[in-house]
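Undergrad: Below you'll find the structure I mean.
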Amino acid sequence: MFKKFLWVCLCLIVVSDTADAMQYAYQVNFSNKNGTLPFSDSLTFLTTRSLARRASQGIALDSTDLPVTKAYVDSVLHVTGGKLHCTSKWLNLCVILLSDSSQIHNAEALAFVGSTRLVAVYSGILHKEPVADGDESTLGATFAARTTSGSGYYSQTWNQTTMVNGDYLHDIGFKGAGKLIAVLDAGFAGTNTHVGFDSLRTSGRIVDSHNFTLASSGVYAYDSHGTEILSTMAGYVPNTYVGSAPLASYALYISEDDNSEQPIELLNMLAASERADSIGADIITSSLGYNTFDNTAYNLVYATDIDGKTTIAAKAANIATQKGMLFVASAGNEGDNSWMHILTPGDADSALTIGNVNSSGVNASTSGYGPNAAGQVKPDVCALGEPGAVFNSTGGYIADNGTSISTPEIAGWAACLWEAVPGATPAKLRNAIIRCASRYTSPGTQIGYGIPNFKCTAIDLDVIDTPIPQTAELQVLVPNPVMENINIIITLQSPQEVFFRLTDLAGKEVMVFSSTFASGKNAAITYNVANLPGGIYFLKAVTSTQQQVLKVIKQ
């Protein structure tokens, strides 16, 4: 079985459990959502950012956006004496922990309970005291956006960058700024101390974190796999290591349990995906994959389970896409064993599923084979993971193998692409990435549609190819968020006219204006936007030789 990632992870926690302590995890499905909040109270369970993402894509709220009925959860806990592990509004269920498995029958007798299912058994207590996250201080490094400069600038990440022409997106000014990527993994040990994450920490771009396995807030322990995955996107040490989306924001979620392999982990992934939705994430990336479990009775069957829509994990990926998020999933590392196939949620219909190739563009033998059981081409595309450069948990750099590495690389480039085309949808991005892949006209079972070309994809989506010189500066000054006026100050190499275009999240043009500036740093100019509705906008400044795009938040 592919245990989510190819290498052996060192577990950083050892806790002695009482010998006779047992816990049983049950999934409890509810038959309705009677008594839950009305849609008019939507702001109580979805953030403004989440609602803005939906509005930009024309996605209406529906019953899956309503929370699970609290009275139902309370009743289940009361009659069973259980402890709440998580809930899912998307699938209308909760997961509870019981010390006496027979108590689940009390829940089954409740009129609003549709069914129950045992999803994990623990020989100790699951929600142990969390491991301390440790020193969260930073080393004080500052981060400045810059135009890239080829292999010297990327250094260790050059091979994985140039294979997909990702540097093209950076060169024309798109490094993921304004996009939010949720990372679902096993742990992020060292992320709070590694120098390569200094800019991420000091700028406050780790916007959320949660441990869904232990129902706690701690994520900077347990495992370093998530640290390695995160580094392929967020790492930034110029001339040493540059990730694919170094200016994006990130949410760090633990959903994997290193100590066992049980179906509850798919429910953790579901809960993490829902939280990503609620905070307004644009992209979810997960290098986790499932097919077999400690209790073989739960093992998945390719023909009936890996069909893109059946497993809890595949449902999470598909619903996440319906909510306006791009779900990027690994194909898995089962290609050289008896299973051979992709894993779930990589089988999901709407997921952008990523395989693994070496530096010559040839699939690694371990990269999982498609299609999914419904015949859909999987993986969708492949990237370099044999090997890829990553951070380790002790402040250094290593090379590691697997679809775990290639998957987040593509998630980061997708964030840069989405920054460049803010009015895009997940389907539009996914289709454009596939259309420009090397094997689009002749997909294969292991290579999928081939290796992406993000220069081609940017052109396909009408992104202007105009590099931004390092000497040019366009900056929206305070107040930002703005109430009435946008104050703009700009520096130019020579006197010229600058054209400005303000668009909303859907790409609709709401204002066009221009002004002539002198060379050097100019005095601020002011444009009134008091009549615009509140929300997120993008201001693009274009001259005869350059362009720059900034996000503007209107209150």
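The values are calculated or read from the model by the stated rules, or taken from the named source; none is laboratory data. None of these values were measured; they are calculated from a predicted model. Note: ideal-geometry Cβ built from the backbone for every residue, glycine included; neighbour counts use all protein chains shown. Areas reflect the complete protein model, heavy atoms only, side chains present, ligands, DNA and RNA absent. Shrake-Rupley method; radii C 1.70, N 1.55, O 1.52, S 1.80 Å.
Undergrad: Go through region 341-361 and give me each residue that's among the polar types (S, T, N, Q) and more than 14 Å from residue 373 (Cβ to Cβ).
TA: The answer is 350, 356, 358, 359, 360.
Undergrad: While we're here: Please go through region 78-96 and give me each residue that is hydroxyl-bearing (Ser, Thr, Tyr) and either assigned to a loop (DSSP other than H, G, I, E, B) or within 20 Å of residue 318 (Cα to Cα) (or both), ordered by number.
TA: 87, 88
Undergrad: With respect to residue 393, determine if the residue is modelled with pLDDT of 95 or more, closer than 25 Å to residue 242 by Cα, out of contact with any His (no Cβ under 6 Å at 6 or more places or on another chain) and of a type in the set (Ser, Thr, Tyr).
TA: No.
Undergrad: A further question follows. In region 289-336, what count of residues is obtained for those that are assigned to a helix (DSSP H, G or I) and in contact (Cβ under 8 Å) with a residue 24 or more places away in the chain?
TA: 16
Undergrad: Moving on. So residue 371 clears everything in (1) within 26 Å of residue 161 (Cα to Cα); (2) in contact (Cβ under 8 Å) with a residue 60 or more places away in the chain except one condition, right? Which one?
TA: So residue 371 meets the others, but not (1).
Undergrad: OK, next. Among the numbered criteria (1) of a type outside the set (Gly, Ala, Ser); (2) modelled with pLDDT under 95; (3) under 20 Å from the mean Cα position of the chain (by Cα), which single criterion is violated by residue 90?
TA: It is condition (2) that residue 90 fails.
Quick grid of which residues meet (1) buried (at least 19 other Cβ atoms within 10 Å of the Cβ); (2) of a type outside the set (A, V, I, L, M); (3) modelled with pLDDT of 95 or more:
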residue	(1), (2), (3)
158	no, yes, yes
164	yes, no, yes
179	yes, yes, yes
182	yes, no, yes
186	yes, no, yes
217	no, yes, no
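Undergrad: What number of residues within region 185-207 satisfy the criterion of being more than 25 Å from residue 263 (Cα to Cα) and not in a loop (DSSP other than H, G, I, E, B)?
TA: The number of residues fulfilling the criteria is 10.
Undergrad: Same structure again: Quick check: is even one residue across region 26-35 modelled with pLDDT of 80 or more, small (Gly, Ala, Ser) and in a helix (DSSP H, G or I)?
TA: no
Undergrad: Which condition does residue 298 not pass, out of (1) among the aromatic types (Phe, Trp, Tyr); (2) buried (at least 20 other Cβ atoms within 10 Å of the Cβ); (3) modelled with pLDDT of 95 or more, if it passes all the others?
TA: In the conditions (1) among the aromatic types (Phe, Trp, Tyr); (2) buried (at least 20 other Cβ atoms within 10 Å of the Cβ); (3) modelled with pLDDT of 95 or more, residue 298 misses (2) alone.
Undergrad: For the subset of region 451-486 comprising residues that are more than 17 Å from residue 420 (Cα to Cα), modelled with pLDDT of 80 or more and not in a loop (DSSP other than H, G, I, E, B), which member is least open to solvent (accessible area, probe 1.4 Å)?
TA: The extreme case among them is 486.
Undergrad: Within region 353-389, work out how many residues are assigned to a strand (DSSP E or B) and either more than 24 Å from residue 301 (Cβ to Cβ) or open to solvent by 40 Å² or more (accessible area, probe 1.4 Å) (or both). Break it down stepwise before answering.
TA: If we filter region 353-389 for residues that are assigned to a strand (DSSP E or B), which is where we start, we get 353-358, 363, 369, 381-386, 388-389.
From what is left, the residues that are either more than 24 Å from residue 301 (Cβ to Cβ) or open to solvent by 40 Å² or more (accessible area, probe 1.4 Å) (or both) are 356-358, 363, 369, 381-386, 388-389.
Of the residues in region 353-389, 13 are assigned to a strand (DSSP E or B) and either more than 24 Å from residue 301 (Cβ to Cβ) or open to solvent by 40 Å² or more (accessible area, probe 1.4 Å) (or both).
Undergrad: For the structure I just gave you, tell me whether residue 198 is under 18 Å from residue 247 (Cα atoms), of a type in the set (D, E, K, R) and at pLDDT 95 or above. It would help to see each step written out before you state the result.
TA: Details: under 18 Å from residue 247 (Cα atoms): yes; of a type in the set (D, E, K, R): yes; at pLDDT 95 or above: no.
No: the conditions fail for residue 198.
Undergrad: Then there is this: Residue by residue through region 400-428, note down the ones that are of a type in the set (Gly, Ala, Ser) and either free of Cβ contacts under 8 Å to residues at least 60 places away in the same chain or in a loop (DSSP other than H, G, I, E, B) (or both). Give the derivation first.
TA: Restricting attention to region 400-428, the residues satisfying the condition of being of a type in the set (Gly, Ala, Ser) are 402, 404, 406, 411-412, 414-415, 420, 423-424, 427.
Result: 402, 423, 424.
Undergrad: Kindly indicate whether any position in region 203-211 is over 18 Å from residue 154 (Cβ atoms), touching a Gly at 6+ places or on another chain (Cβ under 7 Å), of a type outside the set (Ser, Thr, Tyr) and modelled with pLDDT of 95 or more.
TA: Yes, region 203-211 contains a residue that is over 18 Å from residue 154 (Cβ atoms), touching a Gly at 6+ places or on another chain (Cβ under 7 Å), of a type outside the set (Ser, Thr, Tyr) and modelled with pLDDT of 95 or more.
Undergrad: Can you tell which of 240, 285 is more than 16 Å from residue 330 (Cα to Cα) and either modelled with pLDDT of 95 or more or touching a strand residue (DSSP E or B) at 6+ places or on another chain (Cβ under 9 Å) (or both)?
TA: From the options 240, 285, the qualifying one is 240.
Undergrad: Given the options 524, 530, name the one that is modelled with pLDDT of 80 or more and within 30 Å of residue 425 (Cα to Cα). Show your work before the answer.
TA: Details: 524 fails: within 30 Å of residue 425 (Cα to Cα).
That would be 530, the only listed residue that is modelled with pLDDT of 80 or more and within 30 Å of residue 425 (Cα to Cα).
Undergrad: In addition: State yes or no: is residue 411 modelled with pLDDT of 95 or more and either open to solvent by less than 30 Å² (accessible area, probe 1.4 Å) or among the hydrophobic types (A, V, I, L, M, F, W, C) (or both)?
TA: So residue 411 fits the description; yes.
Conditions tested, residue by residue: (1) of a type in the set (Ser, Thr, Tyr); (2) at negative phi; (3) out of contact with any strand residue (DSSP E or B) (no Cβ under 6 Å at 6 or more places or on another chain).
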| site | (1), (2), (3) |
| --- | --- |
| 376 | no, yes, yes |
| 410 | no, yes, no |
| 413 | no, yes, yes |
| 428 | no, yes, yes |
| 438 | yes, yes, yes |
| 445 | yes, yes, no |
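Undergrad: Might you check whether a residue that is touching a Leu at 6+ places or on another chain (Cβ under 8 Å) and open to solvent by 10 Å² or more (accessible area, probe 1.4 Å) occurs anywhere in region 238-257?
TA: yes
Undergrad: How many residues does region 492-519 hold that are at pLDDT below 75 and assigned to a strand (DSSP E or B)?
TA: The qualifying residues number 2.
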